[in-house]
Amino acid sequence: MKILIIGSGGREHVLAETYAKSHRVKKVYVAPGNDFMEETSSKIQVFPHLSLLDFEKFLKLAKKLDVDLVDVAQDNALAEGFVDTFGKHGIPAFGPNKRASEIEWSKEWARKFMKKYKLPIPDFETFKDTKKAVSYIEKNPEAIRFIKASGLALGKGVIRADTKKDAYDGISMMKQFGSSGKTFLIEEGLIGEEFSLFAICDGKRYVIAGTAQDHKTAFTGDLGPNTGGMGCNAPTSLINRSILSEIKTTILSPFIHGMTLEGRPYTGIIYLGGILTKKGNLPAGRQVKVIEFNARWGEPEANVILPGLQTDYIDIVESVMMQELMTTTMRFDNQVRVSVAGCAKGYPTNYDQAKGKKIFGLNDAKKIKGVTIYGSGMKRKDTSYVVNGGRIFHLVAEGKDIHQARERAYTAMSHIFVEGNNLQFRTDIGFRELARSL
Ligand code: AMP
Ligand code: GLY
(Lines give C-alpha, C1' and ligand atoms only; values in the text may rest on other atoms or scores of the structure.)
(Ligands and ions follow the chains in the order given, each with its own letter.)
Protein backbone atom coordinates (compact mmCIF):
# COMPACT_ATOMS: atom_id res chain seq x y z
CA MET A 1 0.00 0.00 0.00
CA LYS A 2 0.97 3.61 -0.49
CA ILE A 3 -0.12 6.20 2.10
CA LEU A 4 -0.10 9.99 1.89
CA ILE A 5 -0.13 11.91 5.21
CA ILE A 6 -1.17 15.58 5.22
CA GLY A 7 0.75 17.68 7.75
CA SER A 8 4.30 18.61 8.63
CA GLY A 9 5.02 18.29 12.33
CA GLY A 10 6.19 15.77 14.89
CA ARG A 11 2.75 14.16 14.86
CA GLU A 12 2.98 13.44 11.15
CA HIS A 13 6.54 12.18 11.62
CA VAL A 14 5.50 9.55 14.17
CA LEU A 15 2.46 8.64 12.07
CA ALA A 16 4.73 8.10 9.07
CA GLU A 17 6.97 5.87 11.20
CA THR A 18 3.93 3.96 12.48
CA TYR A 19 2.57 3.27 8.99
CA ALA A 20 6.06 2.44 7.69
CA LYS A 21 6.41 -0.32 10.32
CA SER A 22 3.69 -2.36 8.61
CA HIS A 23 4.85 -4.98 6.13
CA ARG A 24 1.73 -4.10 4.12
CA VAL A 25 2.92 -0.53 3.56
CA LYS A 26 5.42 0.01 0.75
CA LYS A 27 5.69 3.77 0.80
CA VAL A 28 4.63 6.65 3.09
CA TYR A 29 4.53 10.12 1.56
CA VAL A 30 4.16 13.16 3.81
CA ALA A 31 3.03 16.49 2.39
CA PRO A 32 4.37 18.98 3.16
CA GLY A 33 6.31 17.00 5.80
CA ASN A 34 9.76 18.08 6.91
CA ASP A 35 13.18 16.88 5.73
CA PHE A 36 14.04 15.19 9.02
CA MET A 37 11.28 12.59 8.54
CA GLU A 38 13.20 10.90 5.75
CA GLU A 39 15.92 9.88 8.22
CA THR A 40 13.52 7.43 9.89
CA SER A 41 12.88 4.98 7.06
CA SER A 42 13.65 4.61 3.38
CA LYS A 43 9.88 4.14 2.93
CA ILE A 44 9.25 7.80 3.90
CA GLN A 45 9.34 10.64 1.35
CA VAL A 46 8.43 14.30 1.98
CA PHE A 47 7.31 17.23 -0.19
CA PRO A 48 8.29 20.25 1.91
CA HIS A 49 7.97 22.76 -0.96
CA LEU A 50 4.15 22.40 -0.89
CA SER A 51 2.16 24.80 1.27
CA LEU A 52 -0.15 23.25 3.84
CA LEU A 53 -3.57 24.26 2.59
CA ASP A 54 -3.09 24.03 -1.17
CA PHE A 55 -5.64 21.30 -1.75
CA GLU A 56 -5.31 21.21 -5.55
CA LYS A 57 -1.59 20.43 -5.29
CA PHE A 58 -2.23 17.65 -2.76
CA LEU A 59 -4.90 16.16 -4.97
CA LYS A 60 -2.57 16.21 -7.97
CA LEU A 61 0.16 14.60 -5.87
CA ALA A 62 -2.16 11.87 -4.54
CA LYS A 63 -3.19 11.02 -8.10
CA LYS A 64 0.34 11.08 -9.45
CA LEU A 65 1.64 8.85 -6.65
CA ASP A 66 -1.41 6.61 -6.98
CA VAL A 67 -1.88 6.39 -3.21
CA ASP A 68 -4.32 3.95 -1.62
CA LEU A 69 -5.13 6.14 1.37
CA VAL A 70 -4.72 9.73 2.56
CA ASP A 71 -4.44 10.36 6.30
CA VAL A 72 -5.57 13.94 6.99
CA ALA A 73 -3.68 14.37 10.26
CA GLN A 74 -3.62 18.15 10.66
CA ASP A 75 -6.37 20.32 12.17
CA ASN A 76 -6.55 23.11 9.55
CA ALA A 77 -6.71 20.56 6.74
CA LEU A 78 -9.60 18.80 8.52
CA ALA A 79 -11.38 22.14 9.01
CA GLU A 80 -10.93 22.88 5.29
CA GLY A 81 -12.78 19.64 4.52
CA PHE A 82 -9.89 17.74 2.91
CA VAL A 83 -11.48 14.41 3.90
CA ASP A 84 -14.66 15.31 2.02
CA THR A 85 -12.87 16.57 -1.08
CA PHE A 86 -10.44 13.64 -1.40
CA GLY A 87 -13.49 11.39 -1.03
CA LYS A 88 -15.33 13.20 -3.81
CA HIS A 89 -12.36 12.50 -6.08
CA GLY A 90 -12.51 8.80 -5.23
CA ILE A 91 -9.46 8.79 -2.94
CA PRO A 92 -10.13 7.19 0.46
CA ALA A 93 -9.25 9.65 3.23
CA PHE A 94 -8.93 8.86 6.93
CA GLY A 95 -10.20 11.42 9.43
CA PRO A 96 -13.50 13.09 10.31
CA ASN A 97 -15.21 15.07 7.56
CA LYS A 98 -15.66 18.82 7.78
CA ARG A 99 -18.95 18.69 9.67
CA ALA A 100 -17.70 16.11 12.15
CA SER A 101 -14.43 17.96 12.76
CA GLU A 102 -16.41 21.06 13.78
CA ILE A 103 -16.04 19.53 17.24
CA GLU A 104 -12.53 21.03 17.08
CA TRP A 105 -12.73 24.00 14.72
CA SER A 106 -15.63 25.74 16.44
CA LYS A 107 -15.43 25.83 20.22
CA GLU A 108 -18.85 27.51 20.16
CA TRP A 109 -20.47 24.65 18.25
CA ALA A 110 -18.58 22.10 20.33
CA ARG A 111 -19.70 23.50 23.70
CA LYS A 112 -23.33 23.78 22.53
CA PHE A 113 -23.18 20.18 21.33
CA MET A 114 -21.71 19.03 24.66
CA LYS A 115 -24.40 20.91 26.58
CA LYS A 116 -27.18 19.43 24.45
CA TYR A 117 -25.97 15.87 25.03
CA LYS A 118 -25.26 16.52 28.72
CA LEU A 119 -21.53 15.88 28.69
CA PRO A 120 -19.84 17.17 31.89
CA ILE A 121 -18.49 20.65 31.07
CA PRO A 122 -17.73 23.95 32.79
CA ASP A 123 -20.28 26.81 32.69
CA PHE A 124 -19.76 28.93 29.62
CA GLU A 125 -21.21 31.79 27.58
CA THR A 126 -20.44 32.72 23.99
CA PHE A 127 -19.98 36.30 22.80
CA LYS A 128 -19.51 38.29 19.62
CA ASP A 129 -19.82 41.64 21.33
CA THR A 130 -17.00 42.96 23.54
CA LYS A 131 -19.33 45.20 25.59
CA LYS A 132 -21.62 42.32 26.47
CA ALA A 133 -18.60 40.27 27.49
CA VAL A 134 -17.35 43.08 29.74
CA SER A 135 -20.71 43.42 31.49
CA TYR A 136 -20.80 39.64 31.96
CA ILE A 137 -17.47 39.89 33.79
CA GLU A 138 -18.82 42.77 35.92
CA LYS A 139 -21.50 40.48 37.32
CA ASN A 140 -18.93 38.24 38.99
CA PRO A 141 -15.53 39.97 38.76
CA GLU A 142 -13.69 37.69 41.20
CA ALA A 143 -14.02 34.38 39.37
CA ILE A 144 -11.19 32.57 37.58
CA ARG A 145 -12.12 32.23 33.93
CA PHE A 146 -10.82 31.18 30.56
CA ILE A 147 -11.37 33.43 27.57
CA LYS A 148 -11.24 31.43 24.33
CA ALA A 149 -11.30 32.22 20.65
CA SER A 150 -13.92 29.96 19.07
CA GLY A 151 -11.87 29.10 15.96
CA LEU A 152 -8.50 27.42 15.44
CA ALA A 153 -5.52 29.35 16.84
CA LEU A 154 -2.56 26.92 16.94
CA GLY A 155 -3.34 26.09 20.58
CA LYS A 156 -2.71 29.71 21.56
CA GLY A 157 -6.24 31.19 21.55
CA VAL A 158 -6.99 30.50 25.22
CA ILE A 159 -6.27 33.05 27.94
CA ARG A 160 -6.51 32.40 31.66
CA ALA A 161 -7.96 35.31 33.62
CA ASP A 162 -7.45 35.33 37.41
CA THR A 163 -8.55 38.94 37.87
CA LYS A 164 -11.03 41.37 36.33
CA LYS A 165 -8.17 43.11 34.54
CA ASP A 166 -6.89 39.83 33.06
CA ALA A 167 -10.41 39.15 31.82
CA TYR A 168 -10.65 42.54 30.10
CA ASP A 169 -7.21 42.07 28.57
CA GLY A 170 -8.23 38.58 27.40
CA ILE A 171 -11.40 39.92 25.80
CA SER A 172 -9.50 42.60 23.90
CA MET A 173 -6.87 40.04 22.80
CA MET A 174 -9.52 38.04 20.95
CA LYS A 175 -9.21 40.50 18.04
CA GLN A 176 -5.67 39.33 17.35
CA PHE A 177 -6.98 35.92 16.31
CA GLY A 178 -8.79 37.42 13.30
CA SER A 179 -11.85 35.45 12.17
CA SER A 180 -11.04 32.74 14.75
CA GLY A 181 -11.60 35.25 17.57
CA LYS A 182 -14.77 36.94 16.22
CA THR A 183 -16.83 34.66 18.40
CA PHE A 184 -15.30 33.90 21.77
CA LEU A 185 -16.24 32.02 24.91
CA ILE A 186 -15.90 32.84 28.57
CA GLU A 187 -15.71 29.71 30.66
CA GLU A 188 -15.68 28.86 34.34
CA GLY A 189 -12.10 27.96 35.29
CA LEU A 190 -11.90 24.35 36.43
CA ILE A 191 -9.32 23.31 38.98
CA GLY A 192 -7.75 19.89 38.69
CA GLU A 193 -5.32 17.75 36.77
CA GLU A 194 -5.48 17.58 32.99
CA PHE A 195 -4.96 14.63 30.70
CA SER A 196 -5.30 13.71 27.04
CA LEU A 197 -7.14 10.56 26.01
CA PHE A 198 -7.45 9.20 22.47
CA ALA A 199 -9.99 6.91 20.88
CA ILE A 200 -10.40 5.70 17.33
CA CYS A 201 -14.01 5.67 16.09
CA ASP A 202 -15.79 4.10 13.14
CA GLY A 203 -18.96 6.18 13.46
CA LYS A 204 -20.69 3.72 15.78
CA ARG A 205 -18.03 2.25 18.04
CA TYR A 206 -14.68 3.27 19.42
CA VAL A 207 -11.58 1.76 20.91
CA ILE A 208 -9.29 3.54 23.41
CA ALA A 209 -6.01 4.46 21.71
CA GLY A 210 -3.95 5.66 24.66
CA THR A 211 -3.57 8.33 27.33
CA ALA A 212 -0.93 10.98 27.97
CA GLN A 213 -0.29 14.10 29.99
CA ASP A 214 0.72 17.20 28.05
CA HIS A 215 2.45 20.27 29.50
CA LYS A 216 0.75 23.16 27.73
CA THR A 217 2.37 26.28 29.13
CA ALA A 218 5.68 27.58 27.83
CA PHE A 219 7.89 27.52 30.93
CA THR A 220 9.04 25.13 33.64
CA GLY A 221 6.70 25.18 36.66
CA ASP A 222 3.58 25.47 34.48
CA LEU A 223 4.26 29.15 33.90
CA GLY A 224 3.86 31.42 30.89
CA PRO A 225 1.45 31.45 27.98
CA ASN A 226 -0.26 28.43 26.43
CA THR A 227 1.53 26.69 23.57
CA GLY A 228 0.86 23.79 21.24
CA GLY A 229 2.37 21.51 23.93
CA MET A 230 5.86 21.51 25.46
CA GLY A 231 6.17 17.83 26.32
CA CYS A 232 4.28 14.73 27.35
CA ASN A 233 4.46 11.55 29.27
CA ALA A 234 2.52 8.38 28.48
CA PRO A 235 0.69 6.48 29.67
CA THR A 236 -0.66 8.53 32.57
CA SER A 237 -1.49 6.71 35.78
CA LEU A 238 -4.05 9.44 36.49
CA ILE A 239 -6.50 7.46 34.38
CA ASN A 240 -7.18 4.38 36.45
CA ARG A 241 -9.86 1.81 35.70
CA SER A 242 -12.69 3.56 37.46
CA ILE A 243 -11.91 6.94 35.89
CA LEU A 244 -11.69 5.32 32.47
CA SER A 245 -15.03 3.70 33.02
CA GLU A 246 -16.52 7.07 34.01
CA ILE A 247 -15.03 8.70 30.89
CA LYS A 248 -16.59 6.02 28.70
CA THR A 249 -20.02 6.39 30.27
CA THR A 250 -20.26 10.15 30.73
CA ILE A 251 -18.17 11.40 27.80
CA LEU A 252 -17.27 9.00 25.00
CA SER A 253 -20.59 7.20 24.62
CA PRO A 254 -22.72 10.38 24.61
CA PHE A 255 -20.18 11.92 22.22
CA ILE A 256 -20.49 9.12 19.64
CA HIS A 257 -24.24 8.89 20.09
CA GLY A 258 -24.73 12.67 19.89
CA MET A 259 -22.63 13.03 16.75
CA THR A 260 -24.72 10.35 15.06
CA LEU A 261 -27.97 12.04 16.12
CA GLU A 262 -26.65 15.33 14.72
CA GLY A 263 -26.09 13.61 11.36
CA ARG A 264 -22.31 13.89 11.80
CA PRO A 265 -21.17 10.33 12.56
CA TYR A 266 -17.58 10.53 13.77
CA THR A 267 -14.90 8.56 11.94
CA GLY A 268 -11.25 8.91 12.89
CA ILE A 269 -9.21 9.84 15.94
CA ILE A 270 -10.96 11.73 18.72
CA TYR A 271 -8.79 13.49 21.26
CA LEU A 272 -10.38 14.26 24.61
CA GLY A 273 -8.69 17.01 26.59
CA GLY A 274 -10.11 16.27 30.03
CA ILE A 275 -9.67 17.47 33.57
CA LEU A 276 -10.05 15.49 36.75
CA THR A 277 -11.64 18.13 38.92
CA LYS A 278 -11.00 18.58 42.60
CA LYS A 279 -14.54 17.43 43.26
CA GLY A 280 -12.96 14.02 42.72
CA ASN A 281 -13.35 13.19 46.42
CA LEU A 282 -17.12 13.34 46.27
CA PRO A 283 -18.90 10.02 45.98
CA ALA A 284 -21.07 10.83 42.97
CA GLY A 285 -19.65 10.49 39.44
CA ARG A 286 -18.99 13.51 37.20
CA GLN A 287 -15.44 13.97 38.35
CA VAL A 288 -14.05 14.28 34.86
CA LYS A 289 -15.01 17.27 32.73
CA VAL A 290 -14.33 18.07 29.11
CA ILE A 291 -11.93 20.92 28.41
CA GLU A 292 -12.07 20.32 24.67
CA PHE A 293 -12.20 17.77 21.89
CA ASN A 294 -9.75 17.72 19.00
CA ALA A 295 -10.39 15.85 15.78
CA ARG A 296 -6.92 14.32 15.43
CA TRP A 297 -3.89 12.99 17.26
CA GLY A 298 -2.18 15.44 19.61
CA GLU A 299 1.35 16.67 19.12
CA PRO A 300 3.37 15.63 21.12
CA GLU A 301 0.90 13.06 22.55
CA ALA A 302 1.13 10.95 19.37
CA ASN A 303 4.91 10.89 19.79
CA VAL A 304 4.69 9.20 23.19
CA ILE A 305 1.77 6.88 22.39
CA LEU A 306 2.23 5.55 18.85
CA PRO A 307 5.80 4.21 19.25
CA GLY A 308 4.44 1.69 21.77
CA LEU A 309 1.64 0.42 19.53
CA GLN A 310 1.91 -3.30 18.83
CA THR A 311 -1.18 -3.68 16.64
CA ASP A 312 -0.67 -2.91 12.94
CA TYR A 313 -2.03 0.63 12.55
CA ILE A 314 -3.04 0.28 8.92
CA ASP A 315 -5.26 -2.70 9.80
CA ILE A 316 -7.11 -0.58 12.36
CA VAL A 317 -7.40 2.41 10.04
CA GLU A 318 -8.77 0.28 7.22
CA SER A 319 -11.33 -1.34 9.47
CA VAL A 320 -12.51 2.09 10.64
CA MET A 321 -12.89 3.25 7.06
CA MET A 322 -15.05 0.24 6.34
CA GLN A 323 -17.07 1.13 9.45
CA GLU A 324 -16.22 -2.24 10.93
CA LEU A 325 -13.76 -1.47 13.72
CA MET A 326 -11.78 -4.71 13.87
CA THR A 327 -10.80 -4.75 17.49
CA THR A 328 -11.95 -3.86 20.96
CA THR A 329 -8.46 -3.19 22.28
CA MET A 330 -5.27 -1.77 20.90
CA ARG A 331 -2.13 -3.52 22.11
CA PHE A 332 0.75 -1.45 23.50
CA ASP A 333 4.16 -2.37 24.89
CA ASN A 334 4.80 -1.73 28.59
CA GLN A 335 7.31 1.09 28.22
CA VAL A 336 6.86 4.57 29.65
CA ARG A 337 7.70 7.47 27.33
CA VAL A 338 8.59 11.10 27.90
CA SER A 339 8.83 13.73 25.18
CA VAL A 340 10.48 17.12 25.46
CA ALA A 341 9.75 19.80 22.86
CA GLY A 342 12.93 21.54 21.74
CA CYS A 343 11.71 25.06 20.90
CA ALA A 344 13.07 28.23 19.40
CA LYS A 345 13.98 30.78 22.09
CA GLY A 346 10.99 33.11 22.55
CA TYR A 347 8.35 30.52 21.54
CA PRO A 348 5.35 30.94 21.47
CA THR A 349 5.40 34.74 21.19
CA ASN A 350 8.46 36.02 19.40
CA TYR A 351 11.10 33.73 17.96
CA ASP A 352 11.86 35.06 14.48
CA GLN A 353 15.52 35.58 15.43
CA ALA A 354 15.97 31.78 15.71
CA LYS A 355 14.82 31.03 12.18
CA GLY A 356 17.56 29.60 10.01
CA LYS A 357 19.89 28.97 12.96
CA LYS A 358 21.84 25.70 12.93
CA ILE A 359 20.91 22.79 15.20
CA PHE A 360 23.80 20.80 16.73
CA GLY A 361 24.02 17.50 18.57
CA LEU A 362 21.01 15.62 17.18
CA ASN A 363 23.11 12.55 16.36
CA ASP A 364 24.75 12.48 19.80
CA ALA A 365 21.34 12.77 21.44
CA LYS A 366 19.99 9.88 19.38
CA LYS A 367 22.83 7.66 20.64
CA ILE A 368 21.34 7.67 24.17
CA LYS A 369 19.52 4.39 24.73
CA GLY A 370 15.77 4.51 24.01
CA VAL A 371 15.85 7.98 22.42
CA THR A 372 14.14 8.97 19.16
CA ILE A 373 13.83 12.48 17.71
CA TYR A 374 10.81 13.59 15.69
CA GLY A 375 11.23 16.62 13.47
CA SER A 376 8.78 19.51 13.53
CA GLY A 377 9.92 23.07 12.72
CA MET A 378 13.22 22.19 11.06
CA LYS A 379 14.63 21.86 7.57
CA ARG A 380 17.78 20.60 5.92
CA LYS A 381 20.40 23.09 4.82
CA ASP A 382 23.43 21.60 3.12
CA THR A 383 24.51 18.79 5.46
CA SER A 384 22.83 20.02 8.66
CA TYR A 385 19.41 21.06 9.95
CA VAL A 386 18.23 24.59 10.73
CA VAL A 387 15.30 26.03 12.70
CA ASN A 388 12.12 26.52 10.67
CA GLY A 389 9.36 26.90 13.32
CA GLY A 390 8.54 27.43 17.00
CA ARG A 391 8.60 23.81 18.12
CA ILE A 392 11.72 22.53 16.39
CA PHE A 393 11.61 18.84 17.39
CA HIS A 394 10.16 16.45 19.95
CA LEU A 395 12.73 14.28 21.67
CA VAL A 396 11.17 11.07 22.98
CA ALA A 397 12.79 8.68 25.46
CA GLU A 398 11.40 5.35 26.52
CA GLY A 399 12.18 3.56 29.75
CA LYS A 400 10.91 0.94 32.15
CA ASP A 401 9.41 3.67 34.33
CA ILE A 402 9.00 7.44 34.48
CA HIS A 403 12.37 7.89 36.22
CA GLN A 404 14.34 6.11 33.52
CA ALA A 405 12.43 7.74 30.66
CA ARG A 406 12.98 11.24 32.09
CA GLU A 407 16.63 10.63 32.82
CA ARG A 408 17.27 9.44 29.28
CA ALA A 409 15.27 12.33 27.78
CA TYR A 410 17.14 15.03 29.66
CA THR A 411 20.55 13.40 29.18
CA ALA A 412 19.84 13.42 25.44
CA MET A 413 18.60 17.03 25.54
CA SER A 414 21.91 18.09 27.11
CA HIS A 415 23.65 17.21 23.83
CA ILE A 416 21.54 19.55 21.69
CA PHE A 417 22.25 23.22 21.00
CA VAL A 418 20.94 25.81 18.59
CA GLU A 419 23.33 28.40 17.19
CA GLY A 420 23.26 31.68 19.18
CA ASN A 421 21.86 29.97 22.30
CA ASN A 422 18.46 29.74 20.63
CA LEU A 423 17.12 26.53 22.22
CA GLN A 424 14.38 26.66 24.86
CA PHE A 425 12.68 23.73 26.61
CA ARG A 426 10.94 22.82 29.85
CA THR A 427 13.00 20.93 32.39
CA ASP A 428 10.09 19.43 34.34
CA ILE A 429 8.21 17.26 31.85
CA GLY A 430 6.55 14.34 33.62
CA PHE A 431 6.76 15.91 37.10
CA ARG A 432 3.21 14.91 38.06
CA GLU A 433 3.74 11.29 37.05
CA LEU A 434 7.05 11.32 38.90
CA ALA A 435 5.36 12.60 42.08
CA ARG A 436 2.71 9.89 41.81
CA SER A 437 5.38 7.22 41.47
CA LEU A 438 7.28 8.18 44.64
P1 AMP B 1 -7.99 24.41 25.01
O2 AMP B 1 -7.36 24.96 23.77
O3 AMP B 1 -9.47 24.61 25.09
O4 AMP B 1 -7.53 23.01 25.31
O5 AMP B 1 -7.34 25.23 26.21
C6 AMP B 1 -5.96 25.28 26.42
C7 AMP B 1 -5.64 25.06 27.87
O8 AMP B 1 -6.29 26.03 28.69
C9 AMP B 1 -6.13 23.73 28.41
O10 AMP B 1 -5.21 22.71 28.16
C11 AMP B 1 -6.29 24.03 29.88
O12 AMP B 1 -5.03 24.00 30.54
C13 AMP B 1 -6.74 25.45 29.90
N14 AMP B 1 -8.22 25.54 29.97
C15 AMP B 1 -9.05 25.77 28.95
N16 AMP B 1 -10.33 25.85 29.37
C17 AMP B 1 -10.32 25.64 30.70
C18 AMP B 1 -11.31 25.64 31.73
N19 AMP B 1 -12.60 25.88 31.47
N20 AMP B 1 -10.90 25.38 33.00
C21 AMP B 1 -9.60 25.15 33.28
N22 AMP B 1 -8.61 25.17 32.36
C23 AMP B 1 -8.96 25.42 31.09
N1 GLY C 1 -0.78 18.74 22.49
C2 GLY C 1 -1.87 19.58 22.20
C3 GLY C 1 -2.45 19.45 20.87
O4 GLY C 1 -2.02 18.65 20.06
O5 GLY C 1 -3.41 20.16 20.57
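Quick notes
- Normalising the average separation of contacting C-alpha pairs (under 8 angstrom, six or more residues apart) by the number of residues puts the relative contact order of the chain at 15 percent.
- Dipole axis of region 87-195 (+1 Lys, Arg; -1 Asp, Glu on Cβ), positive-most option in Gly157, Ala100, Ala110: Ala100
- The region of the chain that goes longest without hitting one of the GluC sites (Glu not before Pro) in a DSSP loop, each with at most 15 other Cβ atoms within 10 Å, is 143-323.
- Separation of the Arg160 and Asp364 label points, Cα + 7 Å toward Cβ, nm: 3.5
- Relative to the Cα centre, the charge distribution of the chain, modelled as +1 at Lys and Arg Cβ and -1 at Asp and Glu Cβ, gives a dipole magnitude of about 320 debye.
- Solvent-accessible area per residue for region 251-378 (1.4 angstrom probe, square angstrom): 41
- Residue-level accessible surface for Met114, protein heavy atoms, 1.4 Å, Å²: 0
- Label-reachable residues, region 248-262, where backbone N falls under 12 Å from a point 7 Å from Lys116's Cα toward its Cβ: 258-262
- Segment Lys88-His257, length gained on full extension (0.36 nm per residue, minus Cα span): 58.3 nm
- Charge tally around Glu262: other residues with Cβ under 11 Å, Lys/Arg +1 each, Asp/Glu -1 each, net +3.
- Think of region 358-438 as having a plus end and a minus end, set by charges on the Cβ of Lys, Arg, Asp and Glu; of Gly389, Gly361, Val418, Gly389 sits farthest toward the positive end of this dipole.
- Amide proton proximity set for Tyr29, modelled H, under 5 Å, gap of 5+: Ile3, Leu4, Ile5, Gln45
- Summed side-chain charge close to Thr163 - residues other than Thr163 whose Cβ falls under 12 Å, Lys, Arg +1, Asp, Glu -1: 0
- Helix-only mean residue ellipticity at 222 nm for the chain, each DSSP H run of n ≥ 4 adding -39500 (n - 2.57), per residue, nearest 500: -7500 deg cm²/dmol
- Note on Leu223: accessible area approximately 100 square angstrom, rounded to 10, probe 1.4 Å, nucleic acids and ligands left out.
- Computed from the Cβ-Cβ distance with R0 of 25 Å, the FRET efficiency linking Lys381 to Gln310 stands at 0.10.
- Working from label points 7 Å from Cα in the Cα-to-Cβ sense, the Lys2 to Ser319 distance is 2.8 nm.
- Ratio of the Cα radius of gyration of region 224-371 to 2.2 N^0.38 Å, where N counts its residues: 1.29
- Under 5 Å, built H, 5+ apart or other chain: amide partners of Phe94: Val70, Asp71, Val72
- Considering only the chain, percent of DSSP beta bridges that pair antiparallel, nearest 5: 80
- Cα convex hull of the chain - mean projected area over all directions, nm²: 20.4
- Heavy-atom accessible surface of the chain: percent carbon and sulfur, 1.4 Å: 52
- Region 185-199 residues near the modelled Lys278 label - backbone nitrogen below 17 Å, point 7 Å along Cα→Cβ: 188-194
- Three-way shape call for region 170-274 based on the alpha-carbon gyration tensor, with the a/c threshold at 1.5: oblate
- Potential lengthening of the chain between Lys64 and Lys204 amounts to 47.0 nm, from the contour at 0.36 nm per residue minus the alpha-carbon distance.
- Charged side chains reduced to their Cβ positions (Lys and Arg at +1, Asp and Glu at -1) give region 274-416 a dipole of some 720 debye around its Cα centre.
- A dipole drawn for the chain from +1 and -1 charges on Cβ atoms has a positive end, and of Gln404, Ser245, Thr311 the residue lying farthest that way is Ser245.
- Amide H within-cut-off set for Thr311, under 5 Å, with H built and near neighbours excluded: Arg331
- Subtracting the Cα-Cα distance of Ser437 and Ser237 from their residue separation scaled by 0.36 nm leaves 71.1 nm.
- Trypsin sites (Lys or Arg not before Pro) restricted to DSSP loop in region 336-438 with at most 11 other C-beta within 10 Å: Lys367, Lys369, Lys400
The values are calculated or read from the model by the stated rules, or taken from the named source; none is laboratory data. Here the structure is a predicted model, which means the values were calculated and not measured. Cβ atoms come from the backbone with ideal geometry, glycine included; neighbour counts cover every protein chain shown. The area values use the complete protein model at the heavy-atom level, side chains included, leaving out ligands, DNA and RNA. Shrake-Rupley method; radii C 1.70, N 1.55, O 1.52, S 1.80 Å.
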